[in-house]
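Please treat every number below as a calculation from the coordinates, not as lab data. This is a predicted model, so every value here is computed, not measured. Methodologically, a virtual Cβ is constructed for each residue, glycine included, from the backbone with ideal geometry; neighbour enumeration extends over all protein chains shown.
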Amino acid sequence: MSAESGSAICACCGEIVLDFNRFALNPLKESKDYTLITDALLRNVKALLKDTDNRPIQLPLHPERTGLALLTGLALQWRYYPHADSEAEVPAGIDEDSETIVFCKKCRGELVRGKLPARALANNLVFAPVPPELKHLSVAERQTVAIARLSIFIMNLEQYDKVSKIPSNANLMPLDVSTCSGRR
Ligand SMILES: [Zn+2]
């Protein structure tokens, strides 16, 4: 296990994180920069992050590589689009060349304890790819065709010394797109 400076993307939750560790998956590629993932952690990762609902999980570009083969069938963030208009994905939580995987501190802690992290992609948070026809829509157009709308209310508590803002609640409301578009 090694700690790096800068930011990275957690392979478990897909979030950009500052506090993370990178593990080698292939013993032949272990180095002073990152040590081999432990058997216990790998066992929990394989058990907890398994895709059990046949969701559209990302797949490795090089499944034949020994270290990457350990991750077969898991819901992980392999790549992402750096911008909404990007045409090509870039590597994310897993570096296929060095055969390493990144976990944020929070996810790693939960996985070590044998718990599925709340924000893990495997916790029913895998999204289907955005169809090409929808990739270049404006914010307003996306809101119109969204199948659900997320609303978050933040309460401002400036009068208190130690707490300036707290999130109150978040609501996810399904929308009837056919009604919005005038078709029934
Ligand atoms: Zn994470």
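Quick look at the values:
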| read-out | value |
| --- | --- |
| Residues 48, 71, sorted so that the one with the fewest Cβ neighbours within 10 Å comes first | 48, 71 |
| Filtered trypsin sites (Lys or Arg not before Pro), segment 69-136: DSSP coil and at most 14 other beta carbons within 10 Å | 113, 115, 135 |
| Segment 8-127, dipole about Cα centre (Lys/Arg Cβ +1, Asp/Glu Cβ -1), debye to the nearest 20 | 620 debye |
| Scattering profile of segment 1-62 at q = 0.27 Å⁻¹ [log10 I(q)/I(0), Debye over alpha-carbon scatterers] | -1.28 |
| Approximate spin-label separation residue 139-residue 28, in nm, with each point projected 7 Å along Cα-to-Cβ | 5.0 nm |
| Whole-number percent relative contact order across segment 1-127, with pairs defined as alpha carbons under 8 Å at least 6 apart | 34 percent |
| Along each principal axis, Cα extent of segment 8-127, largest first, Å | 37, 29, 28 |
| Contour minus Cα-Cα distance for residue 170 and residue 149 (0.36 nm per residue) | 6.5 nm |
| Entries in 50/105; 46/105; 32/105; 50/115; 46/106; 32/115 that, when Cα-Cα distance is taken, lie over 24 Å | 32/115 |
